[in-house]
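Below is one structure, written out as structure tokens; the observations come after it.
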Amino acid sequence: MFSWLTRDDSKSPAIYDTVVEGLKNIYRTKLLPLEQGYQFHDFHSPQLDDPDFDAKPMILLVGQYSTGKTTFIKYLLERDFPGIRIGPEPTTDRFIAVMYDDKEGIIPGNALVVDPKKQFKPLTKFGNAFLNRFQCSVVNSPVLKGISIVDTPGILSGEKQRVDRGYDFTGVLEWFAERVDRIILLFDAHKLDISDEFRRSIEALRGHDDKIRIVLNKADMVDHQQLMRVYGALMWSLGKVLQTPEVARVYIGSFWDQPLRFDTNRRLFEDEEQDLFRDLQSLPRNATLRKLNDLIKRARLAKVHAYIISSLRKDMPSMFGKDGKKKELIKGLSTIYEQIQREHQISPGDFPDIKKMQECLANHDFTKFNPLKPRLLEVVDKMLAEDISRLMAQIPHEDVIQAPSNLHARNQLLESINGHAFMHNVASGYYSGGAFDGVEDQSPFGYKKGEGIDAGHGEPEWIVNKLKYDYDAKFEALGPINGKVSGEAAKSEMVKSKLPKPVLGKIWKLADIDKDGFLDNDEFALAMHLIKVKLDGHDLPPNLPDHLIPPSKRQSTLSAFTVRKPPMTPVNQPTPVEVPRTPLKKRVPIPPVKMDSTLIDDGFSRNKESLTKIENGLREDEGSSISVENGLPQEEQSSTQVNHDEVTEVHFKLMIVCRKMK
């Protein structure tokens, strides 16, 4: 009777409208208590707030001065933004967050960090020296509806880079690296040297290798031979800095709107630009998954941090010799790492950097550390095992709702679910504008338009006719029978291309339009054209485009007309059946039916003999050479066409008139 008093609602799984709402809840209720209990925020990362989860995906641009970081943003937006400064000298002297707003302007750093809708509040710990060099440029650009971009000062060489900035430049980069979705390292083709300051900046990004993309900019300023040498030198330098066995993905291009100095590698630049922009376009769609991934990484680090802090607290004496023991524990921190690794079966990659940890521990009182609380760790383990799994399963459903092809389901869900975070998540799933419009540009200047399989699109003549004379000669040499060659005969010619058999099989399926297992001269010419397209380095389509269908096959590939129900068919009259017919160009009007004027008099009561002849004549026409569908003799149907509905309607009216006249 009173079972509801003892029911534990905490054991029932929570249901969230969106993944982002679920991430907010499980962080506040399950992970945050563990972080606060072991001073996680003092050692690693500040506490997360709701704006951190609701924020749009961010792109961080990092590089030495005059590598084209600001020009890259201008090229992406296809316009300037407030506060832009471009020049060969070090121009950008501050961090600039380029974000979307209807009204354009500049928000200073001190005002930006107190805005509750922005995610920059934790940057206050870097002091006024940094906030004076931090601003937000709001721009009304469609590109920024889905992403935000952070421009950084050029990294200089020398001691001024580290000392005279007045704030922890590397620390600011680390803060942004934890929260951005993509980090772009830009290199100039003329300046490949990696200074010590740039090396430290790259090392600050360590741990976020999955977010890093490398761009070799200004590649049009060197010719093809020099570009090969520059690329090799860049990979050599990166191998010393990244310290990973995997090869980094390097995008080569010239990201500005000026003419190319050396256009020998134009195709290479276009391909690389498309790959990079498609990667950036996918950020809003994968933003939720990235936030989920970052929360998992944060939870694993918080667990390891709790083990370290509790172990140090356990080894501290209660009365005397605290300072000496503290120094001893800091010096032997590597031993504590190994002990925790063995006891709790933790991977070495989950431990924080030992040097950074030793520096932070030197400024803390070990006696104020809390002992290990297994209950907090159990909650986090359960969160990783159950809550995260449920949210992972919910992500594909949100992707389906966000897809442009599911607009109806998307609108229904928007009407049934209220919530700003969800509305923002759906609205920012896909975006375009600026340079991203070139990814799906359908104009003649679009990517690979008029090339490869798209060649001949929009032209009046069939593209295969340009070389059909040569193809016809090969076709005749195969000895066609009844105008067609068999598969074995066509195979002997197609294998001369040395293409793999699966590729040739795909070409055969595309070329054999009527699916009869044979190729006529047009289908054979099409197969030869597709082989040429593949040999030129282009991809084959899954389905044959309309402009490649031979003219002789285009009418047969048209879909049959829809059978329509004739209006109000008279009783006891045969129902006209509409059959598919070949579309014809010329339309011949129905010859008018001549009627004697004497029939239309006194309620149509006279001349019954003439009326009977007319009605009998109409009935005889149904079985004669004049068809109901076309209303013309059979010998004229090949050159003329009459609309079926018009004939049926005239026939019906004549029958009505005849019956009334009787």
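Assorted remarks:
- Residue satisfying condition, being touching a Pro at 6+ places or on another chain (Cβ under 6 Å), closer than 21 Å to K368 by Cα and not β-branched (V, I, T), within set K303, K314, K325, K331: K325
- Only one entry in L32, L5, L23 is in a helix (DSSP H, G or I), modelled with pLDDT under 90 and not acidic (D, E), namely L5.
- Failed item in (1) hydroxyl-bearing (S, T, Y); (2) surrounded by 17 or more Cβ atoms within 10 Å (Cβ to Cβ); (3) within 15 Å of R213 (Cα to Cα), with T244 passing the rest: (2)
- Per the conditions (1) surrounded by fewer than 19 Cβ atoms within 10 Å (Cβ to Cβ); (2) touching a helix residue (DSSP H, G or I) at 6+ places or on another chain (Cβ under 7 Å); (3) small (G, A, S), the sole criterion not satisfied by G321 is (2).
- Exactly one residue out of S254, S237 is in a loop (DSSP other than H, G, I, E, B), among the polar types (S, T, N, Q) and touching a residue at least 12 places away in the same chain (Cβ under 8 Å), and it is S254.
- Residue in segment 281-294 that is touching a Gly at 6+ places or on another chain (Cβ under 8 Å) and either more than 24 Å from L185 (Cα to Cα) or free of Cβ contacts under 8 Å to residues at least 12 places away in the same chain (or both) present: no
The values are calculated or read from the model by the stated rules, or taken from the named source; none is laboratory data. Values in this document were obtained by computation on a predicted structure and should not be read as measured data. All Cβ positions, glycine included, derive from the backbone under ideal geometry; neighbour counts span all protein chains shown.
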